[in-house]
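Right, one structure below, let's go through it.
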Amino acid sequence: MIETTYLSNQFLIAMPGLADPNFHQTVTYICEHDDNGALGIIINRPLRIKLEQLLEHLQIPIETDISGMALYSGGPVQQEQGFVIHTPMGKWDSTLRVTDDIGITTSRDILQAIARHEGPDKALVALGYAGWGPGQLEQEMAANAWLSGPADASILFDLDTERRWSAAAALLGVDLSLLSGDSGHA
């Protein structure tokens, strides 16, 4: 029997040759991975609209300066649904525990708390997610579409968006600029 390694709380780093426009040069934070598949949030695809505009659209009163907070495209699935990766865990209505410190919340109450400056210490807000069916991610990993490695909170929450792809790979000792985008070539 082959033992499966699950990738929850790991970064999934797109290899340079991954041509799918949804995932080209992305870093995805894997929130859940088990026999039923995987769910992750892309952490380096900021949208043109900011979080402030989303909250205004949702008619959530903004009582603090959030003008600098980005809103991300979390993936191609359910792009109308919001996902907040955050630390610390907190007590929100609908939270999936990823680690003792990091959760992903889909309920409106966390957005209301962020708008009141009562939210988690660190948060990344995304619309949509990346999802894989049973065995699909494992097949893509076997086809060398992805690198995986441990997640790092400073990359997830603090690093400039445009540096996250190369920084996540550097955690593994990989310089993506030295890899060819063509399969079968070094």
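On the stretch given as the range 95-125, residues that are over 18 Å from ILE60 (Cα atoms), free of Cβ contacts under 8 Å to residues at least 24 places away in the same chain and either touching a helix residue (DSSP H, G or I) at 6+ places or on another chain (Cβ under 7 Å) or surrounded by fewer than 15 Cβ atoms within 10 Å (Cβ to Cβ) (or both) total 2. Selection over the range 141-183 of residues that are surrounded by 17 or more Cβ atoms within 10 Å (Cβ to Cβ), without any contact (Cβ under 8 Å) to a residue 60 or more places away in the chain and over 21 Å from ILE85 (Cα atoms) gives a count of 0. So for the range 50-72 (the condition being among the charged types (D, E, K, R) and within 16 Å of GLY133 (Cα to Cα)), does at least one residue qualify? No, the range 50-72 contains no residue that is among the charged types (D, E, K, R) and within 16 Å of GLY133 (Cα to Cα).
The residue that is farthest from GLN25 (Cα to Cα), among those in the range 41-62 that are among the aliphatic types (A, V, I, L, M) and assigned to a strand (DSSP E or B), is ILE49.
Might you check whether a residue that is modelled with pLDDT of 95 or more, closer than 27 Å to GLN112 by Cβ, touching a helix residue (DSSP H, G or I) at 6+ places or on another chain (Cβ under 7 Å) and β-branched (Val, Ile, Thr) occurs anywhere in the range 13-31? Checked the range 13-31: no residue is modelled with pLDDT of 95 or more, closer than 27 Å to GLN112 by Cβ, touching a helix residue (DSSP H, G or I) at 6+ places or on another chain (Cβ under 7 Å) and β-branched (Val, Ile, Thr).
The values are calculated or read from the model by the stated rules, or taken from the named source; none is laboratory data. As the structure is a prediction and not an experimental result, all values here were calculated from the model. Here the Cβ is made from the backbone with ideal geometry for all residues, glycine too, and neighbour counts use every protein chain on show.
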